[in-house]
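Have a look at the structure below before the remarks.
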Amino acid sequence: MRLLLFLLSTILFSGFSFSQYAPLNGVKDSKSEVIALKNVTVYVNSNNKITNATVVVADGKIVDVGTKITIPSGALEIDMNGKTIVPAFVELYSNVGLPSQGERNYSQRPQIESSKKGSYYWNEAIRPEVEAATLFDVDAKAAENFSKMGFGFAVTHVQDGIVRGTGALVGLGNSDTRKQVISSNSAQFYSFAKGSSGQTYPSSQMGSIALLRQALYDLKYYSENKNAEQSLSLEKWKNNQSLPVFFKTEDKWEILRAAKIATEFKQNFYFVGSGNEYLITKQLKEAKSTVVLPLNFPEAYDVKDPYLARQIPLSDLKHWELAPSNPYLLSAEGIQICLTSLGTKSPEQFWKNLQKAISRGLKIEDALAALTSIPAKLIGADELIGSLDRGKLASFTVFSSDPFLTEATLLESWNQGTQHVIKSLPSVSILGKYSLNIDGKNYQVEFTESNEKPVGKIQLFKSNVNTIGKKDTVALKMAVTLVQNDISLQFNCDDDNFKGSINLHAKISNNGSVFEGDGTLPNGKWIRWSGIKTTKTDEKKEPTTLKLDTTFIAKTWFPNLAYGYDSIPEVRTVVFKNATVWTNEKEGIIKDATVITENGKIKSVSTNSTATPTNAIIIDAKGKHLTAGIIDEHSHIAISKGVNEGGQSISAEVSISDVVTADDINVYRQLAGGVTAAQLLHGSANPIGGQSALIKLKWGHTPDEMLITNAPKFIKCALGENVKQANWGDFNTVRFPQTRMGVEQVFYDGFARARAYKEEWDNYSKNPKKAEGTPRKDLELDVLVEILESKRFITCHSYVQSEINMLMHVADSMNFKINTFTHILEGYKVADKMKAHGVGGSTFADWWAYKFEVNDAIPYNAKMMADQGVVVAINSDDAEMGRRLNQEAAKSVKYGGMSEEEAWKMVTLNPAKLLHLDDRMGSVKVGKDADIVLWSDNPLSIKAKVELTMIDGKVLYSSADASKSEERNTLERARIINKMLESNEKGEPAKPFVKKGRKHYHCDTLGEEGTEEENLH
Amino acid sequence: MKLLLTLLLIGASLGSWAQAKRILLTNGFLHVGNGETMESALVGVVDGKITMVQNSLATTINKKEWDTIINLNGQHIYPGFVAPNSTLGLTEIDAVRATRDFDDVGEFNPHVRTQIAYNAESKVISTVKTNGVLITQATPRGGIISGTSSVMFLSGWNWEDATIQKDDGIHLNWPSSTEGGGWWAEPAPKKKNDDYEAQKTKINEFFQLSSTYAKAKKTNVDLRLEAMKACFNGNKRVFFHADEIQQILDVMDFVKEFNIKYPVIIGGYDAYLIGKRFKDANIPVMLTRVHSLPEMDEDAVDLPYKLPFLLQQQGIKFCLQNTGDMETMNARNIPFLAGTAMAYGLTDEEALRAISLSSCEILGIDKKFGSIQVGKSATLFVSEGPALDMRTNKVSLILVNGKFEAVTNFQTELYNKYKKKYEEKQK
């Protein structure tokens, strides 16, 4: 080790050193330096805090740290006076020094293909070729901002696209760019956001998921097949495979969605969270996930106006309260966390929020580890960064006191051995009383609080207007600025001597006891002034200590919004007595019956007196009607970020089951309408849409728990005006097809390609050795093959008889059957053909007149199809109508005179049949799922109300509970609003309210974010 | 010619009744519309007017007095239902621009009138009428003042024939105190409308200008201001489209400031929260569609169903209307909106009133319409069962101003046509 001492100014204040490869311009600069920082409190790492320590820095690295250290001779020794040193934080999610995401290319005409030159991947959202290090340039301003937060390192990447390429680990000093790049390829970054790509595909989150999966399969194919088509993107990506992947998410459910992809490809993703991960701690813990958590806790709302305040969703209020506890709640469960400054507006806010997280229970060592050692380890840089142990880079931050325990001031930021002063403390103390002489007049002043932020007061004497000879004393606050040895004072004088602003500046001498300088009087006169200290006060030794926030913090609800449960209802044994039971079986409607549910199934249905099981809940259903739960064959509730992947004519690879959300209040509202299961369908923007999600409306459960286990596979297809984009304006005339003629060809082409694909794979699996490598896996064609093999059923959006007939011909020619025509408003015209083909119809009771192709829709449709032997269901396709499907079913009694029993089956047993779920749902039969609704009246009566809804034996809705929940909502809101008002009164930042809109997906809703245009079904 | 018929024949024999002048309906279950009912009722119609409403048990019929006597066999008689605030007749197919005639260019369009755009031959109308809805208020949309509505029959050779009340009022879309962020299904942010005050001022200025114009003795004609005149002397109603509490309170102030004689609020979702102050303001409400989702997550899941009852309890004058998604074709479901309101608190006859007499009172046509009482127009229908329940709403006879209307429409024709196809196939 070379122990040489160089010029003091160089060591302390030169910010510059140059890359070792660059030729020298000028004379040789110092290369190494040894500095000993004495008398410090140092967090060597998250588990080791030592006081009265010495830190020795040389050559940009930590040479030694501890209490009993021999300081190398020749070292520059600096007395730190007990200041605290913290290892530089490591920012994992940043684009510091890089261009920000460009504007999305927008044109009125859809852009279907990539506009990028070069042999890159076909989709612009897949950009593994982007390398941050090739674009990085030091951004001094941004670096300064990070320094003020305590960060010394960042992994920076171009935040654009689904696969975003690699991030570089950089130091956050402001010296030469080359010197700051520590590792040019540190990590890969993925997300579900397509970014600046102007391509139509993907237009939804499920599309992003499918695209990412396909791209990963393509990568695999590319890596394993020598003959694969060359791709610059895949080549780079292949080489990045050893790097860790950080997956940026925007909601807790997105983490679970990304995790599924990780599992599918046997990879490990680290998740960059959005702040509401406290709602999925159980899943994160089970999966042993690592999450990078943002500290951008939501600001309070401005709730002073009650008219506006009442519109703030309770979920947002609850999130405001719980968000600062997010790091603690995860950490307490043993989930590995990192912290990111992502989204924090300023260093002040970052520190305030970090301290808030600690005050909510996050342990200091966990907080520190989350900012240093853990991120360092995740990117494999823990040899160099993440602590101040020997040999690590000398990047750290100096604080006036312990920043985790006290209100400390951040003073210096050291970047690889180079000091950068953020704030210098005054070198003298002015606290105490002074006697000032201003232009020959005498004044007494006092400085209190701290030298950093001194508060000055001056005493003025003014003759009393009413009493001659009497003088009033006025204590006036002065503006005081203290920088090193310079003090300036300003006050607006109003006494017997002066009226107006007096501005003074002076040098301080004699260790703070003498001021001498110049200033101006109100009349502009330039004067000399002086001050002498008369009484000295010591600075407050102990800085303000941070306290644990012990105020009551509510628990999360399931889901964490209005009408959420405290805990999820359990499966109970329930006995319904004296009920009128609509069995949907050969027994028909039976009176005074007893229905028993046990272990989530229907255990018995009988009119004889049966023994009551122990511990059962007994419900007297006298005068009430008990039915199977309603099944909505066509629904679009509980879906995140897009119901249509309209970017291409065939999007069979996307699946609604990837994007089910559990936070949609409409789930609860539909439970209140007796709905227990639904098919969540892709929209109708393209001929072959996406796969369905078959769910039970299990309010309070996770999306995965809502999905029906071992559900039959379904896909949505569509015909007519929507798929030919007839009502999409004059610019959407590019995508094939634009006519019903073209629609037919899309189907033939898709299925023909699928056949060829199947053959390719069959040949390969028959003789894998002979083949020239694995065929390329195509997620879209995989699904079409499933259709051809009758392993996946089609629910097809359809209106006019010509197209209905056409699709049946297509299917017949390919030897499979269309399972269900949905909407099917002209089904009555071809019901005989439908019967012959064996397809069912799921229709509206009475909708029509909303577009040209529904001109011949008649409300007798359901009855007429049923009369021809077609299995007919009535569906909603609408979040509002979904909660009164009983009324819609009843309309077939009016239009065409269907019997009540048959009408009722159209919303229960028949949709179960169409969904191939009738072996477990759709009727009140022993052994079937206990999905049961208790009605106040005949369920087809306009007067019928739901009293209780049970799914899988759990009572998930009852009208009595709903009223209680209403009261609870009110109380919870009031409690949090009161807290927020306190915050408002303290003058803490507040934002205007934001209310949830009342928009819902329909079949033709496009994109992740739609417009408020009228819906067409 | 004298006819003695039972209702079984009605569909077929409409032609022969076309000239009927003196009609007697016997043995009906009468729902007057004002809350009263009468079993075994006799309803007499002469020259389009109701001349007799009596209990058959207490009355002897002189058959010679009637040229048509129809025995209803206990079926239900209702006053014609009303579809206020509707684009019915102003559009045929929502998605086809060529058929949309309810929204013109401009912010203040009081001079734009729906009456002359009303398509009396609308196919949609033919399907709404057959569920008992016989009167509508053809209402414009868009802008701040959308235009002037007219109250129309769902029947007539042309718009002149169909007119009940020409230019009954202007429609003012009160600005929202919140502003839509516009996501579709994800939590969609809506924000405080920072321009709310400015937008209110704009309306205020227009009304000041209009009222000055109305008082002035002679001015150059300004079509917009001319159309506003009648709002200040009570000849036109002012329909304020407003739902939020802030909007409603501001409308209450506005009505006072401009001394508007016949204000009506359309929507009024939050009205129940204001209570007595709102009741005292005496502004009737055409209530937000009963079959709609609650505005806020926390609202009771059945709040829109209960709103009629909540207003009824507070003594606030209201009726039902149906604006919203696909409102034209959905107008035929107005009876079932009332039905749902009945399930959620209103009595059967209160629910009925909310789509008949109350609607007519709020529209200012209750002297002639809205109930089955002597002296009123014979605009009524007969249903086989209770008309507010979809199972039993089966309309078997319609009278509009004393004239028989078809109880069939093109949809029933298609029904019969294809039924025949299958019947023939079976043979």
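Each reported figure results from applying straightforward, stated rules to the coordinates on display, with no laboratory input. If you're wondering where the values come from, they're calculated on a predicted model, not measured in any experiment. Glycine gets a Cβ as well: all are built from the backbone with ideal geometry, and neighbour counts include every protein chain shown.
Selection among A:415, A:565, A:290 by position relative to the dipole of the protein assembly as shown gives A:565 as farthest towards the positive end (Cβ unit charges, Cα centre). Scalar couplings 3J(HN,Hα) for segment A:295-306, obtained by applying the Karplus form with A = 6.51, B = -1.76, C = 1.60 to θ = phi - 60°, are 9, 8, 5, x, 6, 5, 7, 7, 10, 5, 8, x Hz; x denotes Gly and Pro. With a 10 Å cut-off around each Cβ of B:288-299, the average count of Cβ atoms from other chains is 6. Against the main long axis of the alpha-carbon atoms of chain A, helix A:205-224 sits at an angle near 80°.
Relative to the longest principal axis of the Cα atoms of chain B, helix B:223-232 runs at roughly 80 degrees. Annotation: aspartates and glutamates with alpha-carbon distance below 15 angstrom to residue B:21 (same-chain offsets under eight excluded): B:47, B:65, B:67, B:405.
Projected area of segment A:89-243, taken from the Cα convex hull and averaged over every viewing direction, in nm²? Display every interim value, and only then the final one.
Working: hull surface 40.2 nm².
Seen from a random direction, the Cα hull of segment A:89-243 projects 10.1 nm² on average.
About its Cα centre, segment B:123-169 has a charge dipole of approximately 220 debye under the convention of +1 per Lys or Arg Cβ and -1 per Asp or Glu Cβ, with nothing else charged. For chymotrypsin sites (Phe, Trp or Tyr not before Pro), the sites in segment A:516-561 that DSSP calls loop and that have at most 16 other Cβ atoms within 10 Å are A:552. Diffusion coefficient of segment B:125-184 by Stokes-Einstein, Kirkwood radius over Cα pairs, 25 °C, 0.890 mPa s: 180 µm²/s.
When shorter helices are ignored and each DSSP H run of at least 4 residues is given -39500 (n - 2.57), the per-residue value for chain B at 222 nm works out to -8500 deg cm²/dmol.
Normalised by 2.2 N^0.38 Å, where N counts its residues, the alpha-carbon radius of gyration of segment A:224-290 equals 1.37. Once the mean of 1/r is taken over each pair of separate Cα atoms and inverted, segment A:630-919 shows a Kirkwood hydrodynamic radius of 19.4 Å.
When both bridge partners sit in the protein assembly as shown, DSSP labels roughly 65% of those beta bridges antiparallel. With the convex hull constructed from alpha-carbon coordinates only, the protein assembly as shown shows a mean projected area of 72.6 nm² over all directions. Computed extension gain for residue A:108 through residue A:70, at 0.36 nm per residue and net of the alpha carbon distance, reaches 6.5 nm. Each Lys or Arg adds one and each Asp or Glu takes one away; over the other residues whose Cβ falls under 9 Å from the Cβ of residue A:794, this sums to +3. Rg over Rh for segment A:831-936 works out to 0.98, using Cα positions for both radii and the Kirkwood form for Rh. In chain A, helices alone account for a calculated mean residue ellipticity at 222 nm of -7000 deg cm²/dmol, with every DSSP H run of four or more residues adding -39,500 (n - 2.57).
Taking other Cβ within 10 Å of each residue's Cβ, how do A:242, A:842 sort, fewest first?
By the 10 Å Cβ count, ascending: A:242, A:842.
Rg/Rh for segment A:463-557 stands at 1.23; both radii use Cα atoms, and Rh follows the Kirkwood definition.
A DSSP coil position with no more than 11 other Cβ atoms inside 10 Å describes the following trypsin sites (Lys or Arg not before Pro) in segment A:437-511: A:470.
Rounding to the nearest 10 and keeping the result within 0 to 90°, find how far the Cα-based axis of helix A:959-985 lies from the longest principal axis of chain A. Computed tilt is about 20 degrees. Taking a virtual spin label 7 Å from the Cα of residue A:537 along the C-beta vector, which residues in segment A:398-437 bring their backbone nitrogen under 12 Å of it? Output list for this probe position: A:430-434.
Simple rule: put +1 on each Lys or Arg Cβ and -1 on each Asp or Glu Cβ in the protein assembly as shown, find the dipole, and look at A:428, B:293, A:447; the Cα lying farthest toward the positive end is A:447.
Taking 31 Å as the limit for the C-alpha separation, the pairs A:377/B:191; B:129/B:376; B:129/B:420; B:394/B:419 exceed it in the case of A:377/B:191. Both radii come from the Cα set of segment A:284-404: Rg as radius of gyration, Rh as Kirkwood radius; their ratio Rg/Rh reads 1.05. Here the label points at residue A:433 and residue B:201, each 7 Å from Cα along the C-beta direction, are separated by 5.5 nm in the simple model.
Taking Lys and Arg as +1 and Asp and Glu as -1, the other residues whose beta-carbon sits under 12 Å from that of residue A:270 total +3.
Close amide-amide hydrogen proximity is noted between residue A:639 and A:661, each under 5 Å apart and 5 or more residues distant or on a separate chain (H modeled in the peptide plane; Pro and chain starts excluded). Legend: P(r) of chain B from all alpha carbon pair distances, 10 Å bins from 0, whole percents, reading 5, 21, 30, 25, 13, 6, 1, 0. Rounded to the nearest whole Hz, the Karplus-based 3J(HN,Hα) values (6.51 cos²θ - 1.76 cosθ + 1.60, θ = phi - 60°) of segment A:166-183 follow the sequence 9, x, 10, 8, 10, x, 9, x, 10, 8, 2, 3, 4, 5, 7, 6, 8, 8, with x at glycine and proline.
Using only side-chain charges placed at the Cβ, +1 for Lys and Arg and -1 for Asp and Glu, the dipole size of segment A:89-243 relative to its Cα centre rounds to 160 debye. Each Lys and Arg adds +1 at its Cβ and each Asp and Glu adds -1 at its Cβ; summed about the Cα centre, chain A shows a dipole of about 1600 debye.
Equivalent ellipsoid of segment A:331-487: semi-axes from √(5λ) of the C-alpha gyration tensor, largest first, are 49, 19, 11 Å. Computed over the alpha-carbon pairs of segment A:113-167, the distance histogram in 5 Å steps reads 4, 18, 21, 19, 14, 10, 7, 6, 2 percent, short to long. Rounded to the nearest angstrom and listed largest first, the equivalent-ellipsoid semi-axes of segment B:150-297 from its Cα gyration tensor are 29, 22, 16. Among A:843, A:594, A:534, a tally of other beta-carbon atoms within 10 Å of each Cβ gives an order, fewest to most, of A:534, A:594, A:843. A cut-off under 13 angstrom between Cβ atoms defines the neighbours of residue A:188, and their net charge, with Lys, Arg +1 and Asp, Glu -1, is +3.
Given segment B:296-421, report the % of alpha carbon pairs whose separation exceeds 20 Å. I get 55 percent for the Cα pairs in segment B:296-421 exceeding 20 Å.
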